[in-house]
Amino acid sequence: KREQLSPEKLAQELCQADDVDAQMTRMVQLFEFSEGERRLRDLLVTLFQEVFLEFFPGSAILPFGSSVNGFDVSGCDLDLFLELEKTKKFQASAKSAPGPPAEDEPDSHSEDSILSDIDLASATVPEVLELVATVLRKCVPGVHHVQVVPNARRPVVKFCHKDSGLRGDISIDNKLALRNTRFLQLCTEIDERVRPLVYVVRHWAKQQALAGNPFGGGPLLNNYALTLLVLFFLQTRSPPVLPTVARLKELSEDEEQTVVEGWDCSFPKDSTQLEPSGNKENLCALLADFFRIFGDYDFPGCLISLQEGQPLPLPSVLQSEVGSKLKLGPFNLQDPFELSHNVAANVNEKTALRFQRCCQAASKYCRSLQYQRKSSKGKIWGLVRLFQPGTAEAEVPVAAEFVINLPLTLAVLPAETHELLCQARDFQLRCFQKVCAGIAFILQDVLKCSCLEAQQGSEEERQAVPEGKQGEQQTEAKAGPLSAGCKRSLDEEEADSSSPSSKRPRTDTLVPEGESMTWDCATWHKVWLGRRRVRRQLRGPQPDQQQAAGSLELEAKVSEAISQQEGGGKPADPLFHFSVCARVRADAFVKQDMRISLCFEPAPEQAAAFQEFFHFLQGFLPRAVEQHLAREA
Ligand code: ATP
Ligand code: MG
């Protein structure tokens, strides 16, 4: 494992550079994969390929995303595409011609074959992913935390590689991503300024909590959208640094014509065929202009088009056929190929406004000498100051969607009543209450946070309660402004992600969508740091026989030990305050899963400090709650 680059080390490295351009190129070197990390990923891909070939004859594992698109950051996730076209053909031909397979053909219809359980031609994506998850769980050594996420826009199986801690996704219906990955890579080959600019903008956005929710989803910008924004910016320079996507199509040869899912994705294979840009601006000036331009941009009023290399006014977009299918919102950024897809459709108004304000603040800073010139007195300068989280931008909600597996006894009912009961509101409510009790237990008893119930109820009830009376519902008068902000952000996120009429909760089904629970919490110790080491010390070299049953006790002891190391007890002030809002999602129940979104909101000015704890909670909380539920059942 490569050591994480600490903010102090980054600042030190950057301050030593001679000018901002040198700082920006240094950023790439500090963040990109080491040789070892690249080798590890290659090895993992080979391992997956071998295992999947055995179960899915003719299949291929193809990496995409940041591992291969030229914007690799040490520790980023490993996105894999499982190509099953040939396997489907094998299966179809095996069916139509029963009998022993030919010598060189895999036996996909014997009883032992995993393919005997499924018909790939008619199976749904989640069904195939369940099978992929089974193969991962049972047959890929060193992989754990395998989880199917069936309801995402692009469903995936998530996994984690134990030794390296590397997280990854496998998808099966995401061919466009392979193509846009190649497009991003081509852009990095066309001009060497692309990589430094993207690395800097991504890191800046992460530091300002505008981007970087590793779970995907939520109201923040994702790295793909940010990268496209930088590419678009480079298309609009005069003269342009990058050609438009339409121009790239014109430049592509006959054999380079490519159509994926009905979208034209043609562009030249080889960047050396293209004319170098006549633009000679340096990185320092480009970055300053990026902030100046987007600090004053009409994001809600236009569609940013990389296809055309210019913003398109919304009224004319809406008249076109693809335009009318776009999910428009406060931030409209068209995918370069899938033209009816707004890659920033998840961004809510609050994030869009914050993005603009942060750009304005950055632009102002970029006009100062502190940005432009190295300090002769050893003070921080250039990019370093830019990366410091803005204090004005305090209210930062951090949302994540968790899928919590319900224990069998909670979810599986007698077959004939199962369907009916699974839809019954009180049954689902009971499940939600148990999950909430689990969340509170883990936060309080296992992670030693203080955790006060602030508000409970359904969206419908809350809407019915007159203003000012809501406090009466609280168990204690603890519902601070945080919880209100938290709900607002989720509302906006949901409004963005569904039809315009869905702002109000659905009342036509029994699913208690909008049911929510909020807690006001505080953390007193860094219970997320060094848990593995403390766990090993407590458990000794021989894992406890009762480990599975007692592991939550062990986790509680780990937290206790960490707080003891830090002096124990509760210091005068907590490290930070935050609120947590758990909320039932639409279509909450999928088999034995319950879909709950958890929105964490750190107290003002504590957003940056809270990020590390938030990342830890994302991994820890759902699993711990599942364990707790299983034990309670
Ligand atoms: P990182 O993992 O470092 O955040 P990434 O580029 O790999 O960066 P992911 O969110 O992992 O980002 O997505 C992987 C790939 O999936 C992207 O590179 C892109 O090809 C595709 N992708 C991600 N988000 C979207 C989106 N909103 N619309 C279309 N394609 C997307
Ligand atoms: Mg990725």
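Of (1) touching an Asp or Glu at 6+ places or on another chain (Cβ under 7 Å); (2) of a type in the set (Ser, Thr, Tyr); (3) open to solvent by less than 10 Å² (accessible area, probe 1.4 Å), SER171 satisfies all except one. Which?
(1)
Taking the stated definitions as given, is GLY70 among the small types (Gly, Ala, Ser) and within 16 Å of ligand 2 (Cβ to nearest atom)?
Here the answer is yes, as GLY70 does meet what is asked.
For the list (1) surrounded by fewer than 21 Cβ atoms within 10 Å (Cβ to Cβ); (2) in contact with a Cys (Cβ under 6 Å, 6 or more places away or on another chain), I need the number of the one condition that GLU250 fails.
(2)
Restricting region 159-168 to residues that are within 12 Å of ligand 2 (Cβ to nearest atom) and buried (at least 20 other Cβ atoms within 10 Å of the Cβ), which is nearest to ILE61 (Cα to Cα)?
GLY168
For the structure I just gave you, tell me whether PHE589 is open to solvent by 20 Å² or more (accessible area, probe 1.4 Å), of a type in the set (A, V, I, L, M, F, W, C), modelled with pLDDT of 80 or more and assigned by TED's automatic domain parsing to the domain that holds PHE427.
no
For LYS89, only one of the following conditions fails: (1) open to solvent by 20 Å² or more (accessible area, probe 1.4 Å); (2) at pLDDT 95 or above. What is its number?
With (1) open to solvent by 20 Å² or more (accessible area, probe 1.4 Å); (2) at pLDDT 95 or above applied to LYS89, the lone miss is (2).
Suppose we filter region 253-297 for residues that are surrounded by 15 or more Cβ atoms within 10 Å (Cβ to Cβ) and part of a strand (DSSP E or B); how many remain?
3
Given THR227, THR236, which one is within 15 Å of ligand 1 (Cβ to nearest atom), outside the structural domain of GLY168 (by TED's automatic domain parsing) and either open to solvent by less than 10 Å² (accessible area, probe 1.4 Å) or more than 17 Å from ALA352 (Cα to Cα) (or both)?
Selected residue: THR227, the only one of THR227, THR236 that is within 15 Å of ligand 1 (Cβ to nearest atom), outside the structural domain of GLY168 (by TED's automatic domain parsing) and either open to solvent by less than 10 Å² (accessible area, probe 1.4 Å) or more than 17 Å from ALA352 (Cα to Cα) (or both).
Among LEU84, LEU44, LEU53, which is the only one that is among the aliphatic types (A, V, I, L, M) and within 16 Å of ligand 2 (Cβ to nearest atom)?
When all the criteria are applied, what remains is LEU44.
Mind counting the residues in region 176-194 that are within 16 Å of ligand 2 (Cβ to nearest atom) and open to solvent by 30 Å² or more (accessible area, probe 1.4 Å)?
So the count comes out to 4.
Determine the pairs where a residue that is within 16 Å of ligand 2 (Cβ to nearest atom) and among the polar types (S, T, N, Q), located within region 216-245, has a partner that is open to solvent by 10 Å² or more (accessible area, probe 1.4 Å) and assigned to a helix (DSSP H, G or I) with Cβ atoms under 6 Å apart, the partner being 6 or more residues away or on another chain.
Hits for this filter: ASN223/ARG202.
Restricting attention to region 248-268, does a residue exist that is among the aromatic types (Phe, Trp, Tyr) and closer than 20 Å to PHE355 by Cα?
No - not one qualifying residue is present in region 248-268.
The values are calculated or read from the model by the stated rules, or taken from the named source; none is laboratory data. Quantities reported herein were computed from a predicted structural model and do not represent experimental measurements. All Cβ positions, even for glycine, are placed from backbone atoms using ideal geometry, and neighbour counts span all protein chains on display. Surface accessibility is based on the protein's heavy atoms, side chains included, excluding ligands, DNA and RNA. Shrake-Rupley method; radii C 1.70, N 1.55, O 1.52, S 1.80 Å.
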